[in-house]
1. Restricting attention to the range B:169-219, and to residues there that are within 19 Å of B:Phe331 (Cα to Cα) and among the hydroxyl-bearing types (Ser, Thr, Tyr), which single residue is modelled with the highest pLDDT?
2. For the subset of the range B:23-38 comprising residues that are surrounded by fewer than 18 Cβ atoms within 10 Å (Cβ to Cβ) and under 17 Å from B:Glu104 (Cα atoms), which member is farthest from the other protein chains (Cβ to nearest Cβ)?
3. Kindly indicate which of B:Ala119, B:Ala109, B:Ala140 is of a type in the set (Gly, Ala, Ser), crowded, with 18+ Cβ neighbours inside 10 Å, modelled with pLDDT of 95 or more and out of contact with any strand residue (DSSP E or B) (no Cβ under 6 Å at 6 or more places or on another chain).
4. Conditions first: (1) within 14 Å of another protein chain (Cβ to nearest Cβ); (2) of a type in the set (Lys, Arg); (3) surrounded by fewer than 15 Cβ atoms within 10 Å (Cβ to Cβ). A:Lys71 passes all but one, so which condition is the exception?
5. Between residues in the range A:106-135 that are on the phi > 0 side of the Ramachandran plot and residues that are in a helix (DSSP H, G or I) and not β-branched (Val, Ile, Thr), which pairs lie under 7 Å by C-beta distance while being six or more apart or on different chains?
6. Can you find, within the range A:407-427, the residue that is surrounded by the most Cβ atoms within 10 Å (Cβ to Cβ) among those that are among the small types (Gly, Ala, Ser) and closer than 15 Å to A:Arg137 by Cα?
7. Is it true that B:Lys59 is farther than 26 Å from B:Lys460 by Cβ, assigned by TED's automatic domain parsing to the domain that holds B:Gly411 and not aromatic (Phe, Trp, Tyr)?
8. On the given criteria, is B:Lys32 part of a helix (DSSP H, G or I), within 26 Å of A:Ala34 (Cβ to Cβ) and either out of contact with any Gly (no Cβ under 8 Å at 6 or more places or on another chain) or outside the structural domain of B:Glu468 (by TED's automatic domain parsing) (or both)?
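The values are calculated or read from the model by the stated rules, or taken from the named source; none is laboratory data. Note that the structure is a prediction, hence the values are computed from the model and not measured. Positions of Cβ are backbone-derived with ideal geometry, glycine not excepted, and every protein chain shown enters the neighbour counts.
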There are 2 protein chains.
Amino acid sequence: MARLKERLSDIAQLASVNALLEWDQEVLMPAKGADARAAAIALVSGLHHQKLISIDDDKTLSLLRKDVETKKLKGEGAVMVTDTWRAYERERKLPEAFVRELAETTSKAHLVWVEARRANEFKRFLPMLRKIVKLKRKEAELVGFKKSPYDALLDAFEPGLTTEEVTTMFDDLKDFLVPFLKQLQSVKGKTDTKRILGTFPLERQRDFNRFVAEKMGFDTAAGRIDESVHPFTTSFHPSDARITTRYKAHDLMYSVGSTLHETGHALYEQGLRAEHFGTPLGEAVSLGVHESQSRLWENNIGKGAPFWKYLYPKLQAAFPEPFRQVPLKDFLRIVNNVTPSLIRTEADEVTYNLHILIRFEIERELIEGSIDPKDLPAIWNEKVKTYLGIPVPDDRLGVLQDTHWSQGLFGYFPTYTLGNLYAAQLYAAMERAIPNLSKEIAKGALSVPREWLRDQIHAKGKRYAPAELMKRVTGEYPTSRYFTEYLKAKYAAPVA
Amino acid sequence: MARLKERLSDIAQLASVNALLEWDQEVLMPAKGADARAAAIALVSGLHHQKLISIDDDKTLSLLRKDVETKKLKGEGAVMVTDTWRAYERERKLPEAFVRELAETTSKAHLVWVEARRANEFKRFLPMLRKIVKLKRKEAELVGFKKSPYDALLDAFEPGLTTEEVTTMFDDLKDFLVPFLKQLQSVKGKTDTKRILGTFPLERQRDFNRFVAEKMGFDTAAGRIDESVHPFTTSFHPSDARITTRYKAHDLMYSVGSTLHETGHALYEQGLRAEHFGTPLGEAVSLGVHESQSRLWENNIGKGAPFWKYLYPKLQAAFPEPFRQVPLKDFLRIVNNVTPSLIRTEADEVTYNLHILIRFEIERELIEGSIDPKDLPAIWNEKVKTYLGIPVPDDRLGVLQDTHWSQGLFGYFPTYTLGNLYAAQLYAAMERAIPNLSKEIAKGALSVPREWLRDQIHAKGKRYAPAELMKRVTGEYPTSRYFTEYLKAKYAAPVA
């Protein structure tokens, strides 16, 4: 077991090294360094792959696996062995030539996608998309699956979850959201969201964002806050987890929303147990659960009345203009405003998931082979019209908006909505466990929700599969019910 | 040969990855990340070592080496094979257990040294120093040498140079410097160096330093300028070379001197030919020659009248206070002021080399076994008194001031003075080759010296051994003569 841990630690260190190479690339690297950096990343990825596929060369892992089968090894040790075997199996099933072809194709495809989006021309991207879909279908075959090839891809991001389960949850969600949105649209008065715009010096925005992140419990001695075009969180170790955010001079809430979100991710990374670094017990359980942490802070807490009861006076003191002119009630209405829009990343809490449903339905069918890539713009535009009620003027604002497919990330999109569903389910459980939760948050005692999440989720690592973890923490397997209840409660007043 | 190049490129990429891990550690890393980072660096170093010692596993390198011996392979190809063999041989001669012991010892020793320096107590450091000296003597034995074990250590930093050659050059230098300093001291009037102090907002200091670096030709699209406690230059590839500098609010020249120095290093790295990346033809030839580039810009150009004839009006415009009150002549006298002092890193052009001579003489004898580590403080203090004419009040300002020995860097110190000697010799050759050099510099045409250095030095990589390169560029093997002539000319006025 000690030997296994040592090897896992080496493998994790290589992943961390790549994470630093990528972080530096996004945040700091000079433009001309791109080619050399790509080569360095490719080299380290290759070494990571080699270390992983040779982990059982001396049969240590196989022997431990037998101990798990015969129940000689139980508990955390068993989790470590089983999950490592899972990762090893998956990696081993993909021949090096295939991995290289996929990496080269997606690397080229990303550039083609950038061009196609700039030119607003889906046709330019079509041949690459076709090739990627073919490769991903091949990957599903190589990895193996029971019912849908999409299962094999989904499993890489949300271990154990099946296409069938997601479809059920998402269909339920759709059945609620589409009429709910129409209802909201029909009754709500016009909200003047421009009232919270102003002129916010960057240095003071930075200070405020840092204050918020630290208040949430982000440890700046074990992480950094920087800036990048697309905000993200990365982690090399629980002692060094980094977030980025982005600023608009005229829109303070643009950066605050992104800081709440990324800090939610970072608290998960800083909350993993360092003594388990490299082993499954020291890793986040899934992308969906990761997203639940960011969404819970960004939305369930960060768009709620208790949080702003605490923070709004501080915001008003730091930026009297325009916030002195905007009562808390109006501010909350503005940050919770719902308006169907074309771009996923700018969507509100209600419409966001409709954006994801569109992508999930399309990519599932692409991988299952029931639609042809050439028909994507038409399918996309029709779904947007049906679900969101708005026409798509062009592909740049439509099917070409996201980078994921160009990078071969099929099975990734659903984890965004899973995050929202999990967040609502977790928040409801937290409210049951901590009856005075809202009062604590309103006092600024953000350590109360943070420590609960740390105990219930972060410190557990991959001890349980995502659905199992949700069951243990909330008493129920994942369901869309808590999310729809949450939306109904939040929008009760304007809807009624 | 293609196979060899590919392997060398992988090995170089791993070195670059480690360079990024270290750069980030010095410049950005949060405090708590230290242990995980140390582990990542150790892992990548180990992979680098493994790749290097297995480079001849299929005998490609051995076969190419035969081709060099039989003159079938000549020119650049031969250089590549011969130098790679040299690195491979050196690496191979050190057993892994030895490398690990040395790494662990120096890692611990560094912390002990920090403590000992803080406590101002050499005795605390003595046991570690004893152990390191023993290990470095062992390393010299393992690597092999002809006359002095110090040869084997020196060779790692200045390939081909012998202890005997350094001793000759340095003795010549000492014979000149000691009486020259006394003479300077006896005649020079008091210079009020405080006249150039003031209050310099950091943001404007940063702008000015960036202007200077870019004017020298530092390509900020292929590098970065950051801040760290100890300024340094690192490079991952000619397309990404980074410098750091440091600022004092009251002393502008503190940062400018360090920027000139580090940019000199960075121009070398950016000037290496990218198509040779990873091979000896794409690497700097030695630490001494590297230091010659930084010193040439910092001192020979950067403390000279022509440079400031161009730059001083700009400095005065950016910082009217106090520079409007200081005529150029006085400014030059201040930046060239000579005063013996205790700390090497704060020393002027004349006394700096006496600090190095002291360290060289001591470390050579330590490695040759002719002095005992316990006697270091006494030996140190006596040499400082004799060469610099000042008493050493305590070990913190004496033998404990530098980190090098704690890190096992024996044979490194001489390269600082070699850099000064080479710089003077190169500058004299440049003046002969470009008769109007001073006029060009005074016009701000810094591309003139930069392009000459790029052609003569940077683009050559390791094509020639350091001494051979100096011979080809300057017509003479390395000598201290040009440096002493340079000092005599510079200080002629105040001395006369």
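1. As a first pass, look at the range B:169-219 and keep what is within 19 Å of B:Phe331 (Cα to Cα): B:184, B:188-200, B:205, B:208-209, B:212.
If we keep only those that are among the hydroxyl-bearing types (Ser, Thr, Tyr) as well, we get B:191, B:193, B:199.
Details: B:Thr191: 88, B:Thr193: 94, B:Thr199: 97.
The selected residue is B:Thr199.
2. So the residue we want is B:Ala38.
3. Numbers: B:Ala119 fails: crowded, with 18+ Cβ neighbours inside 10 Å; B:Ala109 fails: modelled with pLDDT of 95 or more.
After ruling out the rest, the residue left standing is B:Ala140.
4. In the conditions (1) within 14 Å of another protein chain (Cβ to nearest Cβ); (2) of a type in the set (Lys, Arg); (3) surrounded by fewer than 15 Cβ atoms within 10 Å (Cβ to Cβ), A:Lys71 misses (1) alone.
5. Hits for this filter: A:Asn120/A:Asp395; A:Asn120/A:Arg396.
6. Start the filter on the range A:407-427 by keeping residues that are among the small types (Gly, Ala, Ser), which leaves A:408, A:411, A:419, A:423-424.
Still in the list and also closer than 15 Å to A:Arg137 by Cα: A:408, A:411.
Numbers: A:Gly408: 21, A:Gly411: 27.
Selected residue: A:Gly411.
7. Values: farther than 26 Å from B:Lys460 by Cβ: yes; assigned by TED's automatic domain parsing to the domain that holds B:Gly411: no; not aromatic (Phe, Trp, Tyr): yes.
Here the answer is no, as B:Lys59 does not meet what is asked.
8. Numbers: part of a helix (DSSP H, G or I): yes; within 26 Å of A:Ala34 (Cβ to Cβ): no; either out of contact with any Gly (no Cβ under 8 Å at 6 or more places or on another chain) or outside the structural domain of B:Glu468 (by TED's automatic domain parsing) (or both): yes.
Spelling it out, it is not the case that B:Lys32 is part of a helix (DSSP H, G or I), within 26 Å of A:Ala34 (Cβ to Cβ) and either out of contact with any Gly (no Cβ under 8 Å at 6 or more places or on another chain) or outside the structural domain of B:Glu468 (by TED's automatic domain parsing) (or both).
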